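The values are calculated or read from the model by the stated rules, or taken from the named source; none is laboratory data. Model, not experiment: these values are computed from the prediction. FYI the Cβ positions are ideal-geometry reconstructions off the backbone, even for glycines, and counts take in every protein chain you see.
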Amino acid sequence: MWTYIARRLSQTVIVILGVTLISFTALHIGGDPTFLYVSDRATNEEIAQTRVRLGFDKPLYVQYLTFIGKAAQGDLGKSLKFHRPAIDVVADALPATIELTLFSMLIAIVVAIPLGVLAALRRGSATDGSIMILGMLGQSIPSFWLGIMMIMTFGVQLRWLPISGHVPLLEPMFQGDFHTAFANLPSAIYYLIMPSLAVGVYSLSRNARLVRSSMLETLSLDFVRTARAKGLSEYAVVINHALRNAWLPVVTMIGLEFGFLLGGVVVVEIVFSWPGIGRLLFNAINQRDIPLVQACVIVLAGIFVAINLIVDLVYARLDPRVRL
Amino acid sequence: MTQSHPDGPFIDPAAAGLADTMVALPPQRRGDGWRRAWRSMVRGRWPLLALFILALLILAAILGPTISPLDPNRQNIMTRLEAPMVADRAGHVKFFLGSDGLGRDVLSRLLYGARVSLLVGVTAIVIGGSLGVALGLISGYFGGWTDDVIMRIGDIQLAFPFVLMAIMFLVVLGPGVFNLILVLGIGQWITYARIVRAQTLSLREKEFVEAARALGASHASIMFVTILPNVIAPLTVIASFNIASVILAEAALSFLGLGVPPSVPTWGSMLAESRDQLIANKWWLAVFPGMAIVLTVLAFNIIGDWLRDFLDPRLKSNG
């Protein structure tokens, strides 16, 4: 187990280095990055000063080493617009993004499993057919468009759900104020429903299809037949025996799912004016606040890598074959 | 365990369901295969529908400028936000699908948008696919450290959410069709490289490769002439799902304003502009471009599903 952990950790370090290298390359690929930091009307002298101040006059490898050296200490530069360390600005937006991602993931798992099981049990029926078609459709809808359509239908027309806004849930929790967090819960969910459905529908559809096919496979195995032969109720056979094995592929996907969800969150946050990293990133892009764009991307990628590491370690703990 | 998702942002390894073991079908007479494919499509019904949608789309992309009723960029403040199918005083319907906030014709913009989506989708796949196939062949054929280096680079790229990478490069490079295609294409290579590598690993030990070597064929000729034709089949499945996900990614990036310049109408940027009219309930601005994206992506996904079942019937029972 320890060698596995050590190997997996060293892989993670390499990946993180790769991430910093990619974002460093991105910054320099368009030529002298100084011009990203100065206004169009800057004089030559101003440009030269900025270049020296930001260290862009030094050789590339020195710049890269300085960059990772600082990044390792949590210094990702100063946001040009907020005049604060970019990492702090990102940290402020982080809880809202995590809330949205987790809630989407919850929907994607909790709704998908019964749908997938139902489709597998009624294989070939109209129910199965409709679930599969909806699943296919769900994988073809851009999350941001679904968001827009929901806003138009349930927000503007029917006025059932709020079209924007956010009630903090994790932020009070991080500050140790669980009472406020708990009191906020109902209204927080109210605001979360539409954005998290928009983000989660892709994963939901995929999970439903995944559960269905893995359920069909499990149901045809010998131990299920044995369970039936023992005279167990159909419920016990399906839930206790088959489903327990059938949802493993979904568990395996959770780490990856997080990456897909993060990608979706970035765009959906803009549609719902959700105060998370996605909207921050969008605004930073429009204001060409390069250090902030970089900080957003590095933090999001870091979270993604960390989650994958955790999922892999948990999985290795559950399934000894992985460690071999 | 190394994570092994075979692709970029949106694609779907599970739905793609591609086992590394998926093997090329035994060679058949040409006409035979096409007839079998057509019969299987007709039996499936949905693939036929998908084919029809794609045919319409390709027509729209090619004939766009000829059949579009108006100039997609002509602004007219007098005719802004006209609802679809509303006749003017003379009884003429000018905007079949309505007009946008600048008085531009939605239908014409949709038709022009088809060009961008298809062009970007197909070209990105061609670039990413060629790069991936070449690197996968080299990786699997030579093995050793070459293989290690190529696959580790791929691992790093996969460990990094693709959309974020695309955003970062496009912010610095600036929006534009060429940059967009390049970024989306490079984002896809590893998907192809992994599958081609796995196949090459098993194929290079086969007798027919041995025979080619014995006849004195060069490495390049063995890779591209002897091995390559045998790995194409599973790639078509991947490519089909991949085009779908690239079109989705293009729409998302255009929506963020990182796609093509504003003078080029795209479905994603039309949706971005529709947000301004959301509260005013100008539904046609959002509904039509969205439907265009969904139908296109759906069609490619259905074709991919069908191709997978068709090429590897073993997977079919599990749907």
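Conditions tested, residue by residue: (1) more than 14 Å from every other protein chain (Cβ to nearest Cβ); (2) surrounded by 15 or more Cβ atoms within 10 Å (Cβ to Cβ); (3) modelled with pLDDT of 75 or more.
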| residue | (1), (2), (3) |
| --- | --- |
| B:G31 | yes, no, no |
| B:A50 | no, yes, yes |
| B:A61 | yes, yes, yes |
| B:Q75 | yes, no, no |
| B:T79 | yes, yes, no |
| B:A90 | yes, no, no |
| B:D105 | yes, yes, yes |
| B:S108 | yes, yes, yes |
| B:L111 | yes, yes, yes |
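For region A:70-83, does any single residue satisfy the condition of being in contact with a helix residue (DSSP H, G or I) (Cβ under 7 Å, 6 or more places away or on another chain), hydroxyl-bearing (S, T, Y), touching a residue at least 24 places away in the same chain (Cβ under 8 Å) and not in a helix (DSSP H, G or I)?
Among the residues of region A:70-83, at least one is in contact with a helix residue (DSSP H, G or I) (Cβ under 7 Å, 6 or more places away or on another chain), hydroxyl-bearing (S, T, Y), touching a residue at least 24 places away in the same chain (Cβ under 8 Å) and not in a helix (DSSP H, G or I), which makes the answer yes.
Please name all residue pairs, on different chains or six or more residues apart, with Cβ atoms under 6 Å, provided the first residue is in region B:150-169 and is more than 7 Å from chain A (Cβ to nearest Cβ) and the second residue is acidic (D, E) and surrounded by fewer than 24 Cβ atoms within 10 Å (Cβ to Cβ).
The qualifying pairs do not exist here.
Considering only residues that are touching a residue at least 12 places away in the same chain (Cβ under 8 Å) and either over 23 Å from A:L27 (Cβ atoms) or part of a helix (DSSP H, G or I) (or both), which ones fall in region B:172-187?
Within region B:172-187, the subset touching a residue at least 12 places away in the same chain (Cβ under 8 Å) is B:175-177, B:180-187.
Listed by number, the residues that qualify are B:V177, B:L180, B:I181, B:L182, B:V183, B:L184, B:G185, B:I186.
Which of the residues that make up region A:15-32 are at the interface with chain B (Cβ under 9 Å from one of its Cβ atoms), surrounded by 14 or more Cβ atoms within 10 Å (Cβ to Cβ) and in a helix (DSSP H, G or I)?
Hits for region A:15-32 are A:V15, A:I16, A:G18, A:V19, A:L21, A:I22, A:S23, A:T25, A:A26, A:L27, A:H28.
If a residue has to be surrounded by fewer than 20 Cβ atoms within 10 Å (Cβ to Cβ) and either more than 14 Å from chain A (Cβ to nearest Cβ) or not in a helix (DSSP H, G or I) (or both) to count, how many in region B:119-149 make the cut?
At the first step, the residues of region B:119-149 found to be surrounded by fewer than 20 Cβ atoms within 10 Å (Cβ to Cβ) are B:119, B:122-123, B:126-127, B:130-131, B:134, B:142-149.
Keeping just the survivors that are either more than 14 Å from chain A (Cβ to nearest Cβ) or not in a helix (DSSP H, G or I) (or both) gives B:119, B:122-123, B:126-127, B:130-131, B:134, B:142-147.
Residues that pass the stated criteria total 14.
Would you mind finding the one in A:A284, A:A301 that is at the interface with chain B (Cβ under 9 Å from one of its Cβ atoms), touching a Phe, Trp or Tyr at 6+ places or on another chain (Cβ under 6 Å) and either of a type in the set (G, A, S) or buried (at least 22 other Cβ atoms within 10 Å of the Cβ) (or both)? Spell out how you get there, then give the answer.
Details: A:A284 fails: touching a Phe, Trp or Tyr at 6+ places or on another chain (Cβ under 6 Å).
Only one candidate qualifies: A:A301.
Looking only at region A:134-148, filter to residues that are buried (at least 20 other Cβ atoms within 10 Å of the Cβ) and facing chain B (nearest Cβ under 7 Å); which one of those is nearest to A:G278 (Cα to Cα)?
A:F144
Here is a list: B:F160, B:F169. Which entry is part of a loop (DSSP other than H, G, I, E, B), within 29 Å of A:P291 (Cβ to Cβ) and in contact with a helix residue (DSSP H, G or I) (Cβ under 8 Å, 6 or more places away or on another chain)?
Details: B:F169 fails: part of a loop (DSSP other than H, G, I, E, B).
Result: B:F160 is the single residue among B:F160, B:F169 that is part of a loop (DSSP other than H, G, I, E, B), within 29 Å of A:P291 (Cβ to Cβ) and in contact with a helix residue (DSSP H, G or I) (Cβ under 8 Å, 6 or more places away or on another chain).
Filter region B:268-314 for residues that are at the interface with chain A (Cβ under 9 Å from one of its Cβ atoms), in contact (Cβ under 8 Å) with a residue 60 or more places away in the chain and of a type outside the set (G, A, S) and give the result.
If the condition is that a residue be at the interface with chain A (Cβ under 9 Å from one of its Cβ atoms), in contact (Cβ under 8 Å) with a residue 60 or more places away in the chain and of a type outside the set (G, A, S), then B:P289, B:I293, B:L295, B:T296, B:L298, B:F300, B:N301, B:I302, B:D305 are the ones that fit.
Among the residues of region A:199-237, write down those that are within 13 Å of chain B (Cβ to nearest Cβ), within 25 Å of B:V297 (Cβ to Cβ) and of a type outside the set (V, I, T).
A:Y202, A:S203, A:L204, A:S205, A:R206, A:N207, A:A208, A:R209, A:L210, A:R212, A:S213, A:S214
Can you tell me which residue among A:V89, A:V156 is more than 30 Å from A:I239 (Cα to Cα) and within 14 Å of chain B (Cβ to nearest Cβ)? Break it down into steps so the answer makes sense when it comes.
Details: A:V89 fails: within 14 Å of chain B (Cβ to nearest Cβ).
Just one listed residue meets the conditions, A:V156.
If I go through region A:36-51 residue by residue, how many of them are part of a helix (DSSP H, G or I) and either on the phi > 0 side of the Ramachandran plot or surrounded by 12 or more Cβ atoms within 10 Å (Cβ to Cβ) (or both)?
Looking only at that region, the number is 8.
Please note which helices (runs of 4 or more DSSP H) are completely contained in region A:193-312 and include at least 1 residues that are farther than 30 Å from A:P142 by Cβ and of a type in the set (V, I, T).
Numbers: elements: A:222-229, A:248-271, A:277-286.
Qualifying helices (runs of 4 or more DSSP H): A:222-229.
Among the residues of region A:1-14, what is the count of those that are of a type in the set (A, V, I, L, M), without any contact (Cβ under 8 Å) to a residue 40 or more places away in the chain and either surrounded by 14 or more Cβ atoms within 10 Å (Cβ to Cβ) or touching a helix residue (DSSP H, G or I) at 6+ places or on another chain (Cβ under 8 Å) (or both)?
Total meeting the criteria: 1.
Check off (1) in contact with a Leu (Cβ under 7 Å, 6 or more places away or on another chain); (2) buried (at least 19 other Cβ atoms within 10 Å of the Cβ); (3) among the hydrophobic types (A, V, I, L, M, F, W, C) for B:M168 and give me the number that stays unchecked.
(1)
Output the residues belonging to region A:238-268 that are away from chain B (no Cβ under 11 Å) and in contact with a Gly (Cβ under 9 Å, 6 or more places away or on another chain).
Those that are away from chain B (no Cβ under 11 Å) and in contact with a Gly (Cβ under 9 Å, 6 or more places away or on another chain): A:A246, A:W247.
Among the numbered conditions (1) within 7 Å of chain A (Cβ to nearest Cβ); (2) surrounded by fewer than 19 Cβ atoms within 10 Å (Cβ to Cβ), tell me where B:A251 comes up short.
Only one criterion is unmet by B:A251, namely (2).
Residue check, B:G259 against (1) outside any helix (DSSP H, G or I); (2) over 25 Å from A:V293 (Cα atoms); (3) not aliphatic (A, V, I, L, M), all met but one. Which one?
Answer for B:G259: the failing condition is (2).
For the structure I just gave you, tell me whether A:R212 is modelled with pLDDT of 85 or more and out of contact with any strand residue (DSSP E or B) (no Cβ under 7 Å at 6 or more places or on another chain).
Here the answer is yes, as A:R212 does meet what is asked.
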